[in-house]
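The structure appears below as structure tokens.
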Amino acid sequence: MASYYFTIIGTLDRPLYELEFASFKNPTAQGVPGKSQFSASVKEILPFIANSSLDVVEDAQWNSNQFHLGKIDAFFGLQVNGYITQGNIKFLLCYETPTNANLALHAKQDDTTLKQFFNEVNDLYVKCLLNPFYSVNDAITSPDFDLRVKLIVRKYL
Amino acid sequence: MSEEEIILPSIASGVKSLTVNDRPMHEFGYNPSLGPHSNEITESSLNILLNRKTISLTPTSTHSIYDRNILGTKKHELSISSLSFLFGEVVSWSHRSSKGIQDLENRLNGLGYKIGQRTLELVKLRERFKNTKREIRLVEMLQFIHSTLWKALFGESANELERSQDINNEYMITDNCPLMAKFINIPKDYGNLNCSALTAGIIEGALDSAGFYAHVSAHSVPTDYMPQRTVFLIKVEEEVLIREDLRGGPMN
Amino acid sequence: MSRSGEEVWKNSTEKINSELFTLTYGSVVAQLCSDYNNNYNLVNKQLDSMGYNIGIRLIEEFLAKTGAARCHTMKETAEIILKVGFKMFLNITPQVDNWSLDNRQFSLILNENPLADFVELPSDAKDLWYSQILCGVLRGALHMVQLDVSVWFVKDVLKGDDITELKLKLNKILKDEVPAGED
């Protein structure tokens, strides 16, 4: 039942891209594999959780010279994992904190896969940016981009 | 939340804004007016994902820019003349569209700015495989621009990087023979124009993107042996210096 | 004897990474679209006009570096443009095809295009010929050697076509104003 919320946030703290999905590695028995299973109440607050973790990101980004910021925040049973590019574009991934109950579900996923996921999304983002018709902080609406993010999601998560 | 009222997030300007009534083709494509609902995974889109069917989401899906390899080491080269001719005409065109020297330099700066934003992210992405880090301190960022970025764009590092003696927010990068301006001759009626304003824009775009807000201008300082020697004056904003002070402690 | 494009490229050309060129052109096109409020017909015209200004200067370097003689037929002109011109400036080798019956018109097929790397056209930009500047360059350069030509794009991979194709047509040969001694 591991569901995720992924967002790309620009330098003006606006989301440029969002995606809700469920783990492909650990699909649920029922429902559409890949479709997020967040409850309605959680769905509502996901953007707020991402947004509020931006303060933490800002702190972390000037203290660490890594691209991967790791687990940066936790709230309401969800944890937030972050990545930031040199151009200050943030990639945030929110998911339910593994508890004893669903530890097995998260067993397959570890730091490495998360890092590979972020690295590949960074690659996609730069390709998007190189397009002269795309400006920094524009929303990313390209269907090709969306498709490829989902393919990366399927590959790693 | 009521069903009828949808609070729209503030949309960044784009070529064409999507509205709540736009439905994505084949269910791919994020719509900022609708949020995550617009691109959630459904049975049909799942089918495409799992079977990796080639479908045309856009006219160029089959040779999409997202499939190109930007990390490869094999680079395409072309003649410096092509760049010079293009740049020369860009300067002329900018001159025709401008209302004065300052306006012209601003236009060139603006063109360079977009180049700087892109080059910064691209170079850092490529470097990541060598385990390099993000630049988070001003001096290291300037060193990065002076050497790595300059080399990626122009083929070799710039010549000098200095800090102004008297003014603590001014830095200078010197290039003895800027590539962009190498074959440009400025006619007399252009006055004091320095067409390296475009390169200044590149530096400014890179610095601003990385959070080191600055204003960059180009100045000619010719010598006998180096008639095209140019100094790029970087004036860093006060807030950056304050941040450097506050966070100037040892790095993790 | 004129030099081949390959030879000029190898020995007489200072080379640079194409990315700066691609990004500069991209910045220019984006700026033009903004200046003209996405009136793509105007953008095309402006790109063509800028290309023309480049072409009339570029021809001098071309003639100087290659020592090319005056062409007597369009076929020769086509050969020279392709094998020498495109090679020495952009390091690409387009192909020629679709000759008209009177041999005054042909198609240039670009298998690669450094101007348009990484470009994805916006969905409303159906009228934009992104690389229109090339048409202007060819028009300007050939004008300086007394050939009045029309050059226009018919297909572009950026629009989803399978190839990028330009057509070049000779309208007329201009009165010879060049002093003798040229050949």
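Burial here means at least 50 square angstrom less accessible surface with every protein chain in place than with the chain by itself, probed at 1.4 Å; in the range A:46-91 the buried residues are A:Trp62, A:Asn63, A:Asn65, A:Phe67, A:Gln86. Between helix C:18-35 and chain C, what is the angle of the helix's C-alpha long axis to the longest principal axis, kept within 0 to 90° and rounded to the nearest 10? For C:18-35 against chain C, the angle is about 60 degrees. From the alpha carbon centroid of the range A:38-91 to that of the range B:37-109 is 29 Å.
Which net charge results for the neighbourhood of B:Leu246, defined as the other residues with beta-carbon distances under 13 angstrom from its beta-carbon, given Lys and Arg at +1 and Asp and Glu at -1? Can you show the working numbers first?
Values: positive: B:Arg137, B:Arg243, B:Arg247; negative: A:Glu58, A:Asp59, B:Glu238, B:Glu239, B:Glu244, B:Asp245.
Here the charged neighbours net out to -3.
Summing charges over neighbours of C:Ile163, with a neighbour being any other residue whose Cβ is under 12 Å away from its Cβ, gives -4 when K and R count +1 and D and E count -1.
Taking each pair of distinct Cα atoms in the range C:42-164 once, what is the resulting Kirkwood hydrodynamic radius in Å?
Details: mean 1/r = 0.0661 Å⁻¹.
The answer is 15.1 Å.
Considering only alpha-carbon pairs that sit under 8 angstrom and 6 or more positions apart, the relative contact order computed for chain C is 27 percent.
In whole percent, how big is the carbon plus sulfur part of the accessible area of the range B:69-209, probe 1.4 Å, protein atoms only? So the carbon and sulfur contribution to the accessible surface is 46 percent.
Within the listed set A:Phe67, A:Phe91, A:Phe76, the residue fluctuating most in the Gaussian network model of chain A (springs between alpha-carbon atoms under 10 angstrom) is A:Phe76.
Enter the buried accessible area of the B/A pair, total of both sides, probe 1.4 Å, in Å² rounded to the nearest 100.
Numbers: alone 17490 and 8770 Å², together 20750 Å².
Summing both chains' loss of accessible area gives about 5500 Å².
For chain A, carbon and sulfur atoms together expose 52% of the accessible surface, with a 1.4 angstrom probe and every protein chain in place.
Which links in B:Lys75/C:Lys75; C:Lys75/C:Lys155; A:Lys90/B:Lys130; B:Lys74/C:Lys167; B:Lys130/B:Lys235 stretch past 25 Å when you go from one Cα to the other?
Details: B:Lys75/C:Lys75 32 Å; C:Lys75/C:Lys155 22 Å; A:Lys90/B:Lys130 21 Å; B:Lys74/C:Lys167 31 Å; B:Lys130/B:Lys235 31 Å.
Listed pairs above 25 Å: B:Lys75/C:Lys75; B:Lys74/C:Lys167; B:Lys130/B:Lys235.
Take every Cα pair under 8 Å in the range B:25-67 that's 6+ residues apart, average their separations, divide by the length, and report that relative contact order as a whole percent. Could you put the intermediate results ahead of the total?
Numbers: 24 pairs, mean separation 13.0, N = 43.
So the answer I get is 30 percent.
Atom-type composition of the exposed protein surface of the range B:25-67 places 52 percent of the accessible area on carbon and sulfur (1.4 angstrom probe). Angle, helix A:111-130 long axis vs. longest principal axis of chain A, Cα atoms, 0 to 90°, nearest 10? Roughly 30 degrees, rounded to the nearest 10.
Quick check for you: with a 1.4 Å probe and neighbouring chains kept, what is the accessible area per residue of the range C:34-89, in Å²?
Ligands and nucleic acids excluded, the figure is 47 Å² per residue.
Of all lysines in the structure, those lying under 17 Å Cα to Cα from A:Lys155, and not within fewer than 8 positions of it along the same chain, are A:Lys25, A:Lys35, A:Lys108, A:Lys115, B:Lys53. Largest GNM mean-square fluctuation across A:Asn137, A:Asn51, A:Asn63, computed for chain A with C-alpha springs under 10 Å, falls on A:Asn63.
C plus B alone minus the pair: what accessible area, both sides summed, probe 1.4 Å, in Å² to 100?
Details: alone 10620 and 17490 Å², together 24170 Å².
Buried surface at the C/B interface: approximately 3900 Å².
The values are calculated or read from the model by the stated rules, or taken from the named source; none is laboratory data. What you see is a predicted model; the values in this text were computed from it and never measured. Cβ sites come from the backbone with ideal geometry, for glycine too, and all protein chains shown count toward neighbours. Accessible surface is based on the protein model in full, side chains and every heavy atom, while ligands, DNA and RNA are left aside. Shrake-Rupley method; radii C 1.70, N 1.55, O 1.52, S 1.80 Å.
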